[in-house]
Amino acid sequence: MDGNGRWAESRGLPRIKGHEEGVHAVRAVTRACRKQGVEALTLYSFSTENWRRPGDEVDGLMALLVRFLAEEREEIMDNGIRLTASGELSRLPEPVQQALNYMIDLSADHKGMVLNLALSYGSRQELVRAVQALGREVLAGTLDPEAIGEHDIERHLDTAGLPDPDLVIRTSGELRLSNFLLWQVAYAELYITDVLWPDFREADLDEAFGAFRGRKRRFGLTGAQLEAGQ
């Protein structure tokens with residue numbers, strides 16, 4: 001969700017005002033995804049690299065997250081949304097962990113769309129944790145290293161149990177993945193828009209979905225094979 005800071009700075013506002021405005025985009029996009037039948041939506045909310053930002057901005061983001069979880073509680077519960085989170089959650093301040101765990105537990109039995117917040121998240125770090133977990137299983141004698149397959153790695157990822165993304169939307173014109181779900185997006189379609197996140201709304205999402213529907217997803221096959229139904 002890129003462009004919050006630039007949105008604020010272009011208006012002569014503190015960067016945190018951009019993040020606050022970005023919450024409105026989160027609400028609009030989550031509602032639109034639920035309405036359109038999206039199975040799972042992951043929002044890259046705070047990366048491992050974001051910890052290096054100025055302390056006042058990080059503190060403001062953490063306070064904003066606590067507020068978001070409280071303000072969206074009713075909507076999450078009324079719409080059957082299941083909240084999950086990915087990342088090194090133990091690095092989050094205690095009030096954030098408490099608010100997050102409360103909503104995760106409260107919505108755990110919901111069968112609607114999954115809203116997954118990537119918090120203190122980095123995909124390389126996630127993969128390291130997965131490899132470490134597999135190493136412990138090998139040392140314990142419960143896993144044959146020669147038998148390790150993709151499913152073994154996937155069951156130790158932060159997103160275990162969630163489908164791999166079909167579409168990655170990158171706002172504010174950024175042209176890189178920025179350490180986001182590197183394993184999971186292997187066959188995802190990428191959509192880049194110059195719209196800054198605070199301005200991103202349902203019409204922009206519809207445009208992204210329209211572009212996605214126009215793509216031919218071959219998964220290594222030829223166009224002729226796809227047409228033949230192989």
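Quick notes on this one:
- Scanning the stretch 80-100 for residues being closer than 15 Å to Arg67 by Cα and part of a strand (DSSP E or B) gives a total of 0.
- The stretch 66-95 - residue that is closer than 20 Å to Ser123 by Cα and either modelled with pLDDT under 95 or charged (D, E, K, R) (or both) and, of those, surrounded by the fewest Cβ atoms within 10 Å (Cβ to Cβ): Arg91
- Pairs linking a residue in the stretch 20-32 that is surrounded by 18 or more Cβ atoms within 10 Å (Cβ to Cβ) to a residue that is of a type outside the set (Gly, Ala, Ser) and not in a helix (DSSP H, G or I), with Cβ atoms under 7 Å and 6 or more positions apart or on different chains, are Gly22/Met1; Ala25/Phe200; Ala25/Arg201; Val26/Leu43; Val29/Phe200; Thr30/Leu41; Thr30/Leu115.
- Checked against the criterion of being hydrophobic (A, V, I, L, M, F, W, C) and within 30 Å of Leu134 (Cα to Cα), the stretch 206-224 contains one or more residues that satisfy it.
- Filtered residues of the stretch 184-205 (kept if free of Cβ contacts under 8 Å to residues at least 40 places away in the same chain and not in a loop (DSSP other than H, G, I, E, B)): Glu189, Leu190, Tyr191, Ile192, Ala203, Asp204
- Test: residue in the stretch 160-169 that is β-branched (Val, Ile, Thr) and in a loop (DSSP other than H, G, I, E, B): no
- Tally, over the stretch 121-152, of residues that are over 18 Å from Thr42 (Cβ atoms) and touching a Phe, Trp or Tyr at 6+ places or on another chain (Cβ under 8 Å): 0
- The stretch 102-123, residues that are more than 18 Å from Leu162 (Cα to Cα) and either not aliphatic (A, V, I, L, M) or not in a helix (DSSP H, G or I) (or both): Tyr102, Ser120
- Of all residues in the stretch 11-36 being outside any helix (DSSP H, G or I) and not aliphatic (A, V, I, L, M), the one that is farthest from the chain's Cα centre (by Cα): Gly12
The values are calculated or read from the model by the stated rules, or taken from the named source; none is laboratory data. Here the structure is a predicted model, which means the values were calculated and not measured. For neighbour counting, all protein chains shown are included, and Cβ atoms are generated from backbone atoms with ideal geometry for every residue, glycine included.
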